[in-house]
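The next block holds one structure in the form of structure tokens; read it before the comments.
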Amino acid sequence: MALTLLDPITALIIVDLQRGIVDLPSVHPMGDVVARASALAAAFRRHRLPVVLVNVAGGAPGRTERPRPRGPFPDGWTDLIPELDQQPSDLTVTKRTWGAFASTDLENQLRQRGVTQVVIAGVATGTGVESTARQAYEAGFNVTLATDAMTDPRSEAHDYSIANVFPRLGESGPTQAIIDLLATRSAQA
């Protein structure tokens, strides 16, 4: 689906662009994903719209078939990357699950700011980004996904989310189209 519009108060959510994750292998060059996510953050800030920077500092406590890392993360692992140019006005959410809404106060923070729509970017497409998008959709937010500002270590997960899941949750499009819509939204507001 083509991008149609952005609500007057739309927030950007950037998922898991942190030091411990950005150096991991991914389907698309991480440098490109970081550059596009950073461009989105700068554009949202220019329009005085909320920017949410999410990092992950653990995992859900349930049993899984695949073993998970144990013990503390290395120093700096959860630090947001400097390319995001974190600002005092940005919201920072530390999650311990795949999605940024579960077990955090993100929904409340966005509602207090009058947010009705979210744009989501980051990693990994098939886990953190998709879970955050599902949770936002289930909470009643309009969802937009910046498909060229996300990646995944698994091509099949990335491609499946973009082709089959995201069209059911909202609208998807490239970073530049979202930035262009921000300018149009601003002119109409």
Answer from Ala157, Ala149 - the residue that is touching a residue at least 12 places away in the same chain (Cβ under 8 Å), small (Gly, Ala, Ser), surrounded by 16 or more Cβ atoms within 10 Å (Cβ to Cβ) and under 21 Å from Ala41 (Cβ atoms): Ala149
Residue under evaluation Thr125, criteria (1) of a type outside the set (D, E, K, R); (2) open to solvent by 10 Å² or more (accessible area, probe 1.4 Å); (3) at negative phi, criterion not met: (2)
Residue in the range 166-180 that is over 21 Å from Leu40 (Cα atoms) and open to solvent by less than 60 Å² (accessible area, probe 1.4 Å) present: no
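Mind listing whichever residues of the range 135-157 are under 17 Å from Val115 (Cβ atoms) and either charged (D, E, K, R) or modelled with pLDDT under 95 (or both)?
Matches in the range 135-157: Glu138 only.
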Test: Thr144 is open to solvent by 10 Å² or more (accessible area, probe 1.4 Å), of a type in the set (Val, Ile, Thr) and either in contact with a strand residue (DSSP E or B) (Cβ under 6 Å, 6 or more places away or on another chain) or farther than 13 Å from Ala2 by Cα (or both): no
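Helices (runs of 4 or more DSSP H) wholly in the range 81-189 with at least 2 residues that are more than 12 Å from the chain's Cα centre (by Cα) and farther than 27 Å from His28 by Cα - which ones? If you could, list the steps in order and put the result at the bottom.
Numbers: elements: 106-112, 130-138, 155-160, 166-169, 175-188.
The qualifying helices (runs of 4 or more DSSP H) are 106-112, 175-188.
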Long-range neighbours under 7 Å by Cβ, at least six apart or interchain, first residue touching a residue at least 40 places away in the same chain (Cβ under 8 Å) and open to solvent by 40 Å² or more (accessible area, probe 1.4 Å) within the range 1-28, second of a type in the set (Lys, Arg) and part of a loop (DSSP other than H, G, I, E, B): Ile9/Arg113
Complete set of residues in the range 137-177 that are farther than 17 Å from Val123 by Cα and of a type outside the set (A, V, I, L, M, F, W, C): Tyr137, Glu138, Gly140, Asn142, Asn164, Pro167, Arg168, Gly170, Glu171, Gln176
Candidate set: the range 29-49, residues that are touching a helix residue (DSSP H, G or I) at 6+ places or on another chain (Cβ under 7 Å) and open to solvent by 10 Å² or more (accessible area, probe 1.4 Å); chosen: the one farthest from Ile178 (Cα to Cα): Met30
Among (1) in contact with a Pro (Cβ under 8 Å, 6 or more places away or on another chain); (2) buried (at least 23 other Cβ atoms within 10 Å of the Cβ) - the single one Leu91 does not satisfy: (2)
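The values are calculated or read from the model by the stated rules, or taken from the named source; none is laboratory data. None of the values given here were measured: they were computed from a predicted structure. All Cβ positions, even for glycine, are placed from backbone atoms using ideal geometry, and neighbour counts span all protein chains on display. Accessible surface is based on the protein model in full, side chains and every heavy atom, while ligands, DNA and RNA are left aside. Shrake-Rupley method; radii C 1.70, N 1.55, O 1.52, S 1.80 Å.
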